[in-house]
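Have a look at the structure below, then the notes.
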Amino acid sequence: MRGEIYMRVLLVSPLPPPTGGIATWSLKFLEYCRNNNINVVTINTAIIGKRGKFYGSKRNPFTEIYRLVKIIRLTLKTIKKKEISIAHVNSSCSKLGIFKDYLIIKILSKKKIPIIFQCHCNICDQINNNTIQKFFLKRICKKVKLVMTLNMDSLNYIKEMGIINCKIFPNFIDDDFLIDIPKKVNEKINKVVYVGHVSIEKGVQEILWTAERFKDIEFILLGSIHYGIDVVQIPNNVKFLGNKKHEEIIYYLDQADVFVFPSYSEGFSLALLEAMSRGLPIIATDVGNNKELLENKIGKGGIIIDPRDKFALYNAMISIKDKEIRKNFSLFNYNISKKYVKSKVLGDLIVIYNTIIEMR
């Protein structure tokens, strides 16, 4: 562990339940801190009520007000009782969430606590030129020491508001998720896998349409099924297997020949990074950090397509049938994913903490 200064971190973030991307990030962060003797105090901002149990449930205004008041009270109580070295606020930048984040950050900044604000989303999609959201986001960015984004589009969005204290900070995978040796590439494609929410917004309709045209290939979809997906009229070569545990996901990734990820919007996809870490060739849409992960001056790890384009996915499937292309993609992904293991990424985060604390 690279941090030398004693610190007490205040983590303002959703924790399970429900399980989501930010909540999972938070659990892994807390585990890392425990293993490296870093003191962390948490303020749980997770949704409650029916929204916390059922995907797609409508907001109850009374529940939301109660949740906001509870979070604010806990924030005030925490900073009164504890000496905080630095605060790390995780945000999805949602319409109501950004207002909640602003109130919390305003309280923390009055106590002169240095703050890191991390946006776990594609900011352009979440804010979408909403004047009120943009107003609070800008006020937040001016009050914190550092704004961290997941991709270049989000970073540019922040910079266009006149904010200079910002940088890209990536998601990470568990160290043991990284495959030990380069993946063996088969002569032909037998299995294609997708991991994530099985929803329209993730491009699952395009996967089903493509699967109908490649009947000799098995398409395996891992993840919870959301509204709008017809699970009755699906091609015979498609399997919906639901949510799977960590080791089961590794098994299905290793059994596959290609990973498809035709999502309409992303920040920094953990599912994509995990597939790369197992040496899988990728077909992914040009959203979020996908292209930044899969292409650089050295080479490519997959084929980038436009979102909502089933014909592009179909054509990419034809192109990626070539074994040599898949072999090159696989090796690129195996090598590049080594930069994103938890020990390295969170080690870098502790260095950032120390730097900011020293400047306090």
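Here, each number is a calculation from the coordinates, and none is a lab measurement. Nothing here was measured: the structure is a model prediction, and the numbers come from that model. Every residue, glycine among them, receives a Cβ derived from its backbone with ideal geometry; neighbour counts consider all protein chains shown.
How far is helix 21-35 tilted off the main Cα axis of the chain, in degrees rounded to 10, range 0 to 90?
Orientation of helix 21-35: about 70 degrees from the principal axis.
How large is ³J(HN,Hα), in whole Hz, for each residue of the range 233-244 in order, when computed from phi with the Karplus curve 6.51 cos²θ - 1.76 cosθ + 1.60 and θ = phi - 60°, using x for Gly and Pro?
8, 10, x, 5, 8, 10, 10, 9, 10, x, 6, 10
Rounded to the nearest 20 debye, what is the charge dipole size of the chain about its Cα centre when +1 sits on each Lys and Arg Cβ and -1 on each Asp and Glu Cβ?
Values: 55 positive and 34 negative charges, 415 e Å.
Approximately 2000 debye in magnitude.
Can you give me the long-range amide H partners of residue 8? Hydrogens built in the peptide plane at 1.01 Å from N, cutoff under 5 Å, separation of 5 or more residues or another chain.
Here 85, 86 satisfy the definition.
Which entry in (1) 45, 25, 22; (2) 34, 28, 18; (3) 37, 23, 18 is this structure's computed semi-axes √(5λ) of the Cα gyration tensor in Å?
(3)
Using the count of nearby Cβ atoms within 10 Å as a rough guide to exposure, how do 297, 339, 100 rank from fewest to most?
297, 339, 100
For the range 176-338, with the dipole built from +1 on Lys and Arg beta-carbon atoms and -1 on Asp and Glu ones, taken about the Cα centre, which of 253, 282, 330 lies farthest toward the positive end?
Positive-end residue among those listed: 330.
Going 7 Å from the Cα of residue 39 in the Cα-to-Cβ direction, what parts of the range 107-133 have a backbone nitrogen less than 13 Å from that spot?
The answer is none, because no backbone nitrogen lies closer than 13 Å to the label point.
Quick one: compute the contact order of the chain, relative version, from alpha carbon pairs under 8 angstrom and 6+ residues apart, as a percent.
15 percent
Rounded to the nearest 0.05, what FRET efficiency is calculated for residue 96 and residue 241 with R0 set to 41 Å and r the Cβ-Cβ distance?
Rounded to the nearest 0.05, the efficiency is 0.75.
What list do you get for 252, 227 if you sort them by fewest beta carbons within 10 Å?
Details: 252 19, 227 8.
Ordered by Cβ neighbours within 10 Å, fewest first: 227, 252.
In a GNM of the chain with a 10 Å cut-off on Cα contacts, which of 240, 268, 117 has the highest mean-square fluctuation?
240
What are the aspartates and glutamates whose alpha-carbon lies under 15 Å from the alpha-carbon of residue 310, with same-chain residues fewer than 8 places away excluded?
201, 206, 212, 286
With a point put 7 Å past each Cα toward its Cβ, work out how far residue 160 is from residue 63 in nm, to one decimal.
3.5 nm
Counting only C-alpha contacts under 8 Å and six or more residues apart, can you give the relative contact order of the range 132-189 as a whole percent?
Working: 35 pairs, mean separation 17.0, N = 58.
Relative contact order comes out at 29 percent.
Using the Cα centre as the reference, give the magnitude of the dipole from point charges on the C-beta atoms of the range 176-338 (Lys, Arg: +1; Asp, Glu: -1; all else neutral), rounded to the nearest 20 debye.
My answer is approximately 340 debye.
Describe numerically, in nm with one decimal, the distance between label points set 7 Å from Cα along Cα→Cβ at residue 359 and at residue 187.
5.8 nm
For the range 72-77, what does the Karplus curve 6.51 cos²θ - 1.76 cosθ + 1.60, with θ = phi - 60°, yield as ³J(HN,Hα) per residue in whole Hz, taken in order and with x for Gly and Pro?
5, 4, 5, 4, 4, 5
Mind checking which of 304, 114, 243 is farthest towards the positive end of the chain's charge dipole, using Cβ charges of +1 (Lys, Arg) and -1 (Asp, Glu) about the Cα centre?
114
State, as an integer percentage, the relative contact order of the range 176-338 based on alpha-carbon contacts under 8 Å between residues 6 or more apart.
Once divided by the residue count of the range 176-338, the mean separation gives 27 percent.
Please report 278, 360, 8 as a ranked list, fewest other C-beta atoms within 10 angstrom at the top and most at the bottom.
360, 8, 278
Tell me the mean residue ellipticity at 222 nm calculated for the chain from its helices only (DSSP H runs of n ≥ 4, each -39500 (n - 2.57), averaged over every residue, nearest 500).
-13000 deg cm²/dmol
Can you list the HN-Hα couplings for the range 162-168, worked out from phi with the Karplus curve (6.51, -1.76, 1.60; θ = phi - 60°), rounded to whole Hz and with x for Gly and Pro?
Taking θ as phi minus 60°, the curve returns x, 8, 10, 8, 9, 7, 7 Hz for the range 162-168.
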